[in-house]
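Structure, as structure tokens:
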Amino acid sequence: MKPEEEINYIVVVNGKPEGPYDFEHLKKMNIVAGTFIRKPGMDDYKEAHEFAELRALFGFSYEKTAPQYFASFDQRLLASVIDYFILFLVYILLILLSFAFVKEQGERITFALLFLPVIPVFKFIYGVFAEASVKQGTIGKRLLSIKVTDLKGSRIGVLTSFFRNLAKILSVAPLFFGYLYSFLNKKQQCFHDAAAGTLVIKDRLL
């Protein structure tokens, strides 16, 4: 771990990244709690009050920042496609393995089609626990750097996640209007998000 004096900080001043500045230089700057700052190894900027060493230096108190950057409809759709693609691959692999025990071709086709409706069920169960986990999202969401939170940006519980995923049934019918609802509000919530009191947010990148 580098000493604080050796860490180089990039500071957003008047909307433009400036620096790098060392810790001693930061002491002479007009840093406020909401100043966007990034350290080496970070992909995203954070506000100054989110850094423990800067809170100690400037006397800031940590404040939970309300989400301001929301995942778009196409990002969420792509995340869902990725999740289903992965589940289909797993399903196909399991079917191929089962063919070692099912020899007759007609039975193989019946067996493969019989369990096809199980995929959405697994997607539901996986979504409930993945979105309530520490990662706050399925593999698809994590690959796109988006996650599910409550209205304050915090992790949701299993019950909230269950209700959110169950409410997707209403978002699908009729005519996927519940998903199109995301175009009608600033936070880009689908119907199931509004019903469960959740958001799908993305990383803040400058």
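Bear in mind that the values in this text are calculations on the coordinates, not laboratory data. Nothing here was measured: the structure is a model prediction, and the numbers come from that model. No Cβ is skipped: glycine too gets one built from the backbone with ideal geometry, and neighbour counts run over all protein chains shown.
Things to note:
- When the chain is treated as a GNM with alpha-carbon contacts under 10 Å, the residue of Ala48, Ala196, Ala112 showing the greatest mean-square fluctuation is Ala112.
- Measuring spread by the Cα atoms of the range 68-115 yields a radius of gyration and Dmax of 16.6, 57 Å.
- Listed options for log10 I(q)/I(0) by the Debye sum over Cα atoms at q = 0.11, 0.12, 0.13, 0.14 Å⁻¹ are (i) -0.68, -0.76, -0.84, -0.91; (ii) -0.48, -0.58, -0.68, -0.81; (iii) -0.55, -0.64, -0.74, -0.84. The value calculated from this structure is the one marked (i).
- Per-residue [θ]222 nm for the chain (sum of -39500 (n - 2.57) over DSSP H runs n ≥ 4, rounded to 500): -12500 deg cm²/dmol
- Chymotrypsin sites (Phe, Trp or Tyr not before Pro) lying in DSSP loop within the range 35-97, provided at most 15 other Cβ fall within 10 Å: Tyr62, Tyr69
- Among the helices of the chain, those built from whole DSSP H runs whose Cα atoms reach 30 Å or more along their own axis and whose mean Kyte-Doolittle hydropathy is at least 0.0 are 73-98.
- Counting only trypsin sites (Lys or Arg not before Pro) that DSSP places in a loop and that have at most 13 other Cβ atoms within 10 Å, the longest clean stretch of the chain runs over 104-151.
- Three semi-axes describe the equivalent ellipsoid of the range 155-198; taken as square roots of 5 times the Cα gyration tensor eigenvalues and ordered largest first, they are 18, 13, 5 Å.
- Here the ratio of the Cα radius of gyration of the range 7-71 to 2.2 N^0.38 Å is 1.08.
- Segment Ile119-Val12, length gained on full extension (0.36 nm per residue, minus Cα span): 33.9 nm
- For the range 129-206, the set of chymotrypsin sites (Phe, Trp or Tyr not before Pro) satisfying both a DSSP loop assignment and a count of at most 15 other C-beta atoms within 10 Å is given as Phe176.
- Loop-located GluC sites (Glu not before Pro) in the range 16-103 whose Cβ has at most 14 other Cβ within 10 Å (DSSP): Glu63
- For the range 112-206, a/c is not less than 1.5, where a ≥ b ≥ c are the root eigenvalues of the C-alpha gyration tensor, and a/b does not top b/c. That puts it in the oblate class.
- Ignoring lysines fewer than eight residues from Lys123 along the same chain, the ones with Cα atoms less than 22 angstrom from its Cα are Lys135, Lys141, Lys147, Lys168, Lys202.
- The Ile92 and Lys28 beta-carbon pair, evaluated with R₀ = 35 Å, returns a calculated FRET efficiency of approximately 0.05.
- Projecting the Cα atoms of Val128, Ala79, Gly178 onto the charge dipole of the chain, computed from C-beta unit charges around the Cα centre, puts Gly178 farthest toward the positive end.
- Whole-number Å³ per residue for the convex hull built on Cα positions in the range 130-180: 88 Å³
- Set of lysines with alpha-carbon distance to Lys27 below 16 Å, sequence-local pairs under 8 removed: Lys39
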